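Working notes, structure below.
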Amino acid sequence: MITAQVIQSCLDDLKTITKVDLAVVDVEGVMVAKNSDRFDQNVEFVTEFAASPAGSQVLQGCQYLKIYDEEDPAYVLLCGDSSEEYMIGKVAVSNIQNLITAYKERFDRNNFFQNLILDNLLLVDIYNRAKKLHIEIQKPRVVLLLEIPAGKENYAMEFLKSMFSAQSGDYVTAVDENTLIVIKQVEAKDSYAEVAEVAETTVAMMNTEAMINVRVAYGTIVEELKDVSKSYKEAKMALDVGKIFYAEKTVTAYSTLGIGRLIYQLPINLCEMFIEEIFGGKVPEELDEETLTTINTFLENNLNVSETSRQLYVHRNTLLYRLEKLEKYTGLDIRIFDDALTLKIALMVVRYMRYLESMDY
């Protein structure tokens with residue numbers, strides 16, 4: 001429902017322009033807003049008038065006008081009984097009724113999109129409510145998920161609304177205090193390169209202008225409104241997987257998750273069995289930082305010994321010694337592709353298990 005502050009602002013603006021005194025009272029007879037005290041004695045008649053079938057009435061030198069919320073009276077406007085004051089009163093009624101409609105639509109849209117992404121709507125309800133709220137059904141959209149530091153959500157929300165406007169078909173909402181959602185409407189010709197650019201720009205602007213460090217993840221582009229929840233679920237997975245396996249990245253796309261997406265969907269008991277079968281009691285997380293750096297650099301360079309030794313600033317023989325030492329410890333020779341792949345997956349599984357432990361799985 002529209003707030004008293006908004007109604008007061010409307011009355012104040014009209015008073016500044018027209019010099020006409022106005023007041024708004026709810027149907028229970030409680031004063032909501034006024035720009036003059038001259039109508040205080042007329043409030044006692046409001047409840048009776050609100051219950052009557054009349055749309056307007058003059059009583060004791062005061063004009064009573066009903067303000068409707070759809071078909072039901074929501075407020076009563078009080079003004080003087082002269083023709084000029086009556087006309088200004090009608091203008092005020094029209095303005096406040098339009099504000100009520102706009103605020104209800106805004107709330108309804110927020111409620112609609114929240115229920116849409118959480119799969120709380122039947123297909124027929126999606127189409128019916130979208131039509132009522134003037135939301136296009138057949139438009140490509142993608143969901144961007146932003147992880148916001150605690151205490152920054154309100155400011156971040158307002159900043160995002162200045163970046164993504166409803167006029168462009170975009171919508172900003174939230175599902176919890178640390179996560180904001182942008183439902184971005186895209187053009188049919190747009191590719192994931194454009195979506196990635198939007199995500200990178202959002203991170204940069206939030207960081208430099210709003211002074212808020214955020215992580216952004218996004219799902220796949222969907223063609224229909226009913227599939228927005230699919231893009232949201234993908235973005236949510238991308239945000240979680242990105243924090244586990246790609247912590248150095250501030251933007252994560254669902255389509256680039258690779259092996260991380262598969263590991264994220266494994267139950268913890270299978271992860272434990274895999275680590276036990278591959279390594280026995282020797283868990284890879286016990287490897288020192290130097291060994292882990294050697295492994296990661298070697299894998300990043302496609303098992304190329306010369307390039308890895310160059311990047312690590314070590315002699316080729318030193319690198320070979322480290323790899324042989326690793327083979328004795330784990331039983332895996334990562335110069336062989338299959339062993340390298342096994343170790344890479346194992347390290348990712350261990351990282352995933354650590355994440356679950358930190359979340360009190």
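What percentage of the solvent-accessible surface of the stretch 28-114, computed with a 1.4 Å probe over protein heavy atoms, is contributed by carbon and sulfur atoms? The partial results should precede the final answer.
Values: 2260 of 4640 Å².
The computed percentage sits at 49.
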Choice from 48, 177, 224 showing the highest fluctuation, given a GNM over the chain with Cα pairs closer than 10 Å
48
Going by accessible area, probe 1.4 Å, with all protein chains left in place, what is the ranking of 246, 218, largest first?
246, 218
Show 136, 85 ordered by accessible area, largest first, where the area counts protein heavy atoms only and the probe is 1.4 Å.
136, 85
Compute, for residue 359, the solvent-accessible surface of its heavy atoms (probe 1.4 Å) with the complete set of protein chains present, and express it in square angstrom to the nearest 10.
120 Å²
In debye, nearest 20, what is the charge dipole magnitude of the stretch 115-271 about its Cα centre with +1 on Lys and Arg Cβ and -1 on Asp and Glu Cβ, if you could check?
300 debye
Match the structure shown to one of the listed values (i) 19.0; (ii) 20.3; (iii) 25.6 of mean projected area of the Cα convex hull in nm², computed from it, and give that label.
(iii)
How much of residue 294 can a 1.4 Å solvent probe reach, expressed as accessible area in Å² and rounded to 10?
10 Å²
Distance from the Cα centre of the stretch 67-102 to that of the stretch 220-298, in angstrom?
58 Å
In nm², what is the average projected area of the convex hull enclosing the Cα atoms of the stretch 139-258?
6.9 nm²
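In Å², what does the accessible area per residue of the chain work out to with a 1.4 Å probe?
Working: 19360 Å² over 361 residues.
Per residue, the chain has an accessible area of 54 Å².
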For the stretch 1-153 (alpha-carbon point model, no solvent) the Debye-based log₁₀ I(q)/I(0) at q = 0.12, 0.17 Å⁻¹ works out to -0.64, -0.92
How many percent of the accessible area of the stretch 257-336 is carbon or sulfur, using a 1.4 Å probe?
51 percent
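Largest first, what is the accessible-area ranking of 64, 171, 264 with a 1.4 Å probe? Present the calculation step by step, with values, prior to reporting the outcome.
Values: 64 5, 171 35, 264 55 Å².
Heavy-atom accessible area, descending, gives 264, 171, 64.
The values are calculated or read from the model by the stated rules, or taken from the named source; none is laboratory data. Quick caveat, the model's predicted, so the values are computed rather than measured. We place every Cβ from the backbone using ideal geometry, glycine too, and count neighbours over all the protein chains shown. The protein model used for the area step is the full one, side chains on, heavy atoms only, and it has no ligands, DNA or RNA in it. Shrake-Rupley method; radii C 1.70, N 1.55, O 1.52, S 1.80 Å.
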